[in-house]
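To keep things clear, I will list the structure first and then write my remarks on it.
The values are calculated or read from the model by the stated rules, or taken from the named source; none is laboratory data. This structure is a prediction, so every number in the text was calculated from the model and none was measured. Quick reminder, even Gly has a Cβ in these numbers, built from the backbone with ideal geometry, and neighbours come from all protein chains shown.
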Amino acid sequence: MTRTHAVSLRPGLELDFTRAPLTVAWEITRACPLRCLHCRADAQHRRDPAELTTEEGLDLVGQAAAMGVQVFVVTGGDPLARPDCFDFLAAASGHGMHAGFSPASPPSQARDARAGRRRGTGTVHLSLDGARAEIHDGFRGVKGAFERTLRLLEVTAGLDVRLHVGTTVSRRTRADLEAMVPLLEGLVDLWSLFFLVPTGRGQVADLLSPEEHEEVMVWAATADLPFPVRTIAGPTYRRILAQRGLPVMPGVNDGKGFCFVSHRGEVCPSGFLQLPVGNVRDAPLADWYRDSPLFVALRDPERLGGKCGRCDYRALCGGSRARAWALTGDPLAADPTCAYEPPG
Ligand code: SF4
């Protein structure tokens, strides 16, 4: 049975996640100069000759716009490894979508952030994984990355662009989260807390326990931070907000309001749930997103297993499908890192 998940993000904008995701993230390349410990992409130094071409990429951008996608994110690897990355951002913006740009942190980034803005970039996503160089550089695998990122944050904050900072929440970064707040205050429009998914180079040993996940999310919900917070691979945050009567955004999750396209054109529910359902070289993106059995199942809270399947928050939260898959092999299993016990 086809279910409707119409949600309203702002007055007048109704989205039906069975028809189109809110966001498409396209990993335009896996090439990257960094060696981040948590990298979902297991990024490589060289570009893959099988990457989508410029023409195929521009077609993908057009398809996303035609479906009704609101946000198109150009990510990697390091998207700057492709000389045409700003063409995709300009095309996304030209089609009326909000264009997100998610570069890694090479030294030339300040110049590139400016160039991105000139080409229609709406949001720049940067990563900061600690309040100290030893933590961030250790995580990124490159000495000096911390200082360069702080400089780039300042530069980007001075541009006419939204600035999102992403931080991976894991055993390595948890203790630094509070100390990061003053570093980000006055600069960022949004802080994205990425709850580690043990895929790619992410390690199970770095995962927080369910109680620690809960603790971090409760802190983020109640600490009165000077900027908004969202969670990635942490939908349980919505349950925590709802339990406290705080405003909650619509329930975007892997394959439900979100779709990922790999550098080779494979369509996946997210960058962390890399179960390709098909390739944009073989059929339109809309067909894969709307009709693939995996995507259809992921959008249906009644298909969830274990405690997520009987949870009173299953429609709002639904658990991290990527983490369920990474830890159990079943993308519909209960999220093993949620501390909540549904009643009954
Ligand atoms: S049990 Fe599952 S659906 Fe319920 S709050 Fe936890 S992760 Fe979310």
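When you go through PRO276, PRO247 one by one, which is the residue that is more than 15 Å from the ligand (Cβ to nearest atom), surrounded by fewer than 21 Cβ atoms within 10 Å (Cβ to Cβ) and at pLDDT below 95?
Working: PRO276 fails: at pLDDT below 95.
Going through PRO276, PRO247 in turn, the sole match is PRO247.
Looking at region 205-219, which of its residues are aliphatic (A, V, I, L, M) and in contact (Cβ under 8 Å) with a residue 40 or more places away in the chain? Give the steps one after another, and end with the answer.
Taking region 205-219 as the starting set, the residues that turn out to be aliphatic (A, V, I, L, M) are 205, 207-208, 216-218.
If the condition is that a residue be aliphatic (A, V, I, L, M) and in contact (Cβ under 8 Å) with a residue 40 or more places away in the chain, then LEU207, LEU208, VAL216 are the ones that fit.
Looking only at region 203-214, decide whether some residue is at pLDDT below 95, within 28 Å of ARG172 (Cβ to Cβ) and within 17 Å of the chain's Cα centre (by Cα).
Within region 203-214, not a single residue is at pLDDT below 95, within 28 Å of ARG172 (Cβ to Cβ) and within 17 Å of the chain's Cα centre (by Cα).
For region 12-112, which fully contained strands (runs of 3 or more DSSP E) count at least 1 residues that are out of contact with any helix residue (DSSP H, G or I) (no Cβ under 9 Å at 6 or more places or on another chain) and modelled with pLDDT of 95 or more? Spell out how you get there, then give the answer.
Details: elements: 13-16, 23-27, 71-75, 98-101.
Passing ranges, in order: 23-27.
Going by what's in this entry, would ALA286 be described as more than 30 Å from ALA81 (Cα to Cα), aliphatic (A, V, I, L, M) and either touching a residue at least 40 places away in the same chain (Cβ under 8 Å) or within 16 Å of the ligand (Cβ to nearest atom) (or both)?
Working: more than 30 Å from ALA81 (Cα to Cα): no; aliphatic (A, V, I, L, M): yes; either touching a residue at least 40 places away in the same chain (Cβ under 8 Å) or within 16 Å of the ligand (Cβ to nearest atom) (or both): yes.
It is false that ALA286 is more than 30 Å from ALA81 (Cα to Cα), aliphatic (A, V, I, L, M) and either touching a residue at least 40 places away in the same chain (Cβ under 8 Å) or within 16 Å of the ligand (Cβ to nearest atom) (or both).
Being in a loop (DSSP other than H, G, I, E, B) and more than 14 Å from the ligand (Cβ to nearest atom) is the filter here; which residues of region 213-244 pass it?
Restricting attention to region 213-244, the residues satisfying the condition of being in a loop (DSSP other than H, G, I, E, B) are 223-228, 233-235, 244.
Once the filter is applied, which keeps residues that are in a loop (DSSP other than H, G, I, E, B) and more than 14 Å from the ligand (Cβ to nearest atom), region 213-244 yields ALA223, ASP224, LEU225, PRO226, PHE227, PRO228.
All but one of (1) away from the ligand (no atom under 13 Å from the Cβ); (2) touching a helix residue (DSSP H, G or I) at 6+ places or on another chain (Cβ under 6 Å) hold for ARG281; which doesn't?
(2)
Does region 290-344 hold any residues that are more than 11 Å from the ligand (Cβ to nearest atom), surrounded by fewer than 20 Cβ atoms within 10 Å (Cβ to Cβ) and within 16 Å of PRO198 (Cα to Cα), and which are they?
Scanning region 290-344 gives LEU327, THR328, GLY329, ASP330.
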